[in-house]
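Report on one structure; see the data block that follows.
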Amino acid sequence: MSDRVRQILSWYHGQSPGVLTNLARMLNHGTLAGTGKMVILPVDQGFEHGPARSFAPNPAGYNPQYHVELAVKSGCNAYAAPLGFLEAIAADYAGQVPLILKLNNNDSLFSDTEPCSAVTASIDDALRLGCAAIGFTIYPGSAHKNTIFQQIRELSEEARAVGLPTVIWSYARGGGLSKAGETAIDVIGYAAQIACQLGAHIVKVKPPTDHIEQGAAQKVYEEQNIPIATLADRVRHVVQCAFDGRRIVIFSGGAAKGTEAILEEISELARGGAFGSIVGRNAFQRSQGDALALLSEIMNIYANEAA
Ligand code: FBP
């Protein structure tokens, strides 16, 4: 057990041995094992965006086995997916990579400005599949936020009781927020804080921009001179919003973009103190060779930052 992993686990003081063991399982797996950094492969886009939008750019990805192979070969800390994808591979790949079962999902067939994902799997499913954690998306800002918050309260309570940590995808979204506001620095910091307050052990947010959405927040950012000029500044602030860095905060990859752009972004995330990245489309929409090369470069950036 490295000093860094020991230190991170100490921030989760009071959690059950099962939760701590599963957090350690993820932190100690793969290329970044022991560094305190994580790279996770999430493949729920087939459900969230539809199969063609997700897998046509690299048709090998229609096959559930492709993604777990990618996660194993690249040395990801964990692989996250909905029930169907995990059921298709969990037995054949048992013990090869920690799994995170996405317990709720939303689809794009009904476009709702006030999103609310459906609960699509259970804690029993996560245990049966040998998962190291549950995953859950919350939409702070949605008119359905109270229902969503109550759902995760119940599910994470159940998960804790059986020693499973909770990973919260915290995506602010809803009629009261502008499109730019969804990734505004004040909103992303707020989304990270809400996830932590809901008991997330790992928080996932989008990289923040320097836009400030809320008038009341704008005043404070200006008066207190909170640095938000660079992405690294903003990431530092988001990590501070997550219990002053005492919760693992990782950042999503977003729509597919060029290798240089993504590596530049990852360098800034790492400089700002991100604990890692959760990169879906930018990984599985490339050929396997290109994805392995990209994930290896991403992991190198985090490893160098940790060293
Ligand atoms: P990507 O790296 O492909 O952006 O994946 C991260 C992720 O959180 C997925 O788990 C999820 O399907 C997707 O982003 C949601 O994206 P959005 O709701 O913004 O379209």
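Among the residues of region 27-49, those that are touching a strand residue (DSSP E or B) at 6+ places or on another chain (Cβ under 7 Å) and within 16 Å of the ligand (Cβ to nearest atom) comprise MET38, VAL39, ILE40, LEU41, PRO42, VAL43, ASP44, PHE47, GLU48. Taking (1) β-branched (Val, Ile, Thr); (2) more than 30 Å from ALA291 (Cα to Cα); (3) crowded, with 24+ Cβ neighbours inside 10 Å in turn, VAL162 satisfies each apart from (3). Evaluated against (1) away from the ligand (no atom under 16 Å from the Cβ); (2) under 20 Å from TRP169 (Cβ atoms); (3) in contact with a Phe, Trp or Tyr (Cβ under 7 Å, 6 or more places away or on another chain), ASN22 falls short on exactly one condition, (3). Candidates in region 256-288 are the residues that are polar (S, T, N, Q) and under 23 Å from ILE188 (Cα atoms); of these, the one that is farthest from the chain's Cα centre (by Cα) is SER267.
Selection of region 101-126 for residues being farther than 25 Å from ALA161 by Cβ and either aliphatic (A, V, I, L, M) or over 19 Å from the mean Cα position of the chain (by Cα) (or both) yields SER108, LEU109, PHE110, SER111, ASP112, THR113, GLU114. When ALA261, ALA307 are screened for being at pLDDT 95 or above, over 22 Å from PHE149 (Cα atoms) and out of contact with any His (no Cβ under 7 Å at 6 or more places or on another chain), only ALA261 passes.
For region 135-177, the set of residues classified as more than 14 Å from the ligand (Cβ to nearest atom) and either of a type in the set (Gly, Ala, Ser) or within 14 Å of the chain's Cα centre (by Cα) (or both) consists of ALA143, SER156, ALA159, ALA161, GLY163, PRO165, THR166, GLY175, GLY176, listed by residue number. Give the number of residues within region 276-298 that are within 26 Å of ARG247 (Cβ to Cβ) and either out of contact with any helix residue (DSSP H, G or I) (no Cβ under 8 Å at 6 or more places or on another chain) or without any contact (Cβ under 8 Å) to a residue 60 or more places away in the chain (or both). Residues in region 276-298 being within 26 Å of ARG247 (Cβ to Cβ) and either out of contact with any helix residue (DSSP H, G or I) (no Cβ under 8 Å at 6 or more places or on another chain) or without any contact (Cβ under 8 Å) to a residue 60 or more places away in the chain (or both): 2 in total. Among the residues of region 167-174, is there at least one that is surrounded by fewer than 21 Cβ atoms within 10 Å (Cβ to Cβ), under 21 Å from GLY254 (Cα atoms) and touching an Asp or Glu at 6+ places or on another chain (Cβ under 9 Å)? There is at least one residue in region 167-174 that is surrounded by fewer than 21 Cβ atoms within 10 Å (Cβ to Cβ), under 21 Å from GLY254 (Cα atoms) and touching an Asp or Glu at 6+ places or on another chain (Cβ under 9 Å). As a summary of the residue check, ALA56 satisfies the conditions (1) more than 13 Å from the ligand (Cβ to nearest atom); (2) touching a residue at least 60 places away in the same chain (Cβ under 8 Å) except for the one numbered (2). Filtered by the rule that a residue be more than 14 Å from the ligand (Cβ to nearest atom) and within 14 Å of VAL239 (Cα to Cα), region 178-191 gives ILE185, ASP186, GLY189, TYR190. Among residues belonging to region 77-100 that are more than 13 Å from the ligand (Cβ to nearest atom), under 18 Å from ALA159 (Cβ atoms) and under 18 Å from the mean Cα position of the chain (by Cα), point out the one that is surrounded by the fewest Cβ atoms within 10 Å (Cβ to Cβ). The residue in question is LEU83.
A quick yes/no check of all residues on (1) in contact (Cβ under 8 Å) with a residue 60 or more places away in the chain; (2) surrounded by 24 or more Cβ atoms within 10 Å (Cβ to Cβ); (3) closer than 28 Å to MET26 by Cβ; (4) among the aliphatic types (A, V, I, L, M):
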position: ILE134; (1), (2), (3), (4): no, yes, yes, yes
position: ILE138; (1), (2), (3), (4): yes, yes, yes, yes
position: LYS145; (1), (2), (3), (4): no, no, yes, no
position: LEU155; (1), (2), (3), (4): no, no, yes, yes
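Among the residues making up region 12-52, those that are without any contact (Cβ under 8 Å) to a residue 12 or more places away in the chain and under 26 Å from ALA118 (Cα atoms) are PRO51, ALA52.
The values are calculated or read from the model by the stated rules, or taken from the named source; none is laboratory data. This one's a predicted model, so the numbers in the text were calculated from it and none came from an experiment. With ideal geometry, Cβ positions are generated from the backbone for all residues, glycine too; neighbour counts draw on all protein chains shown.
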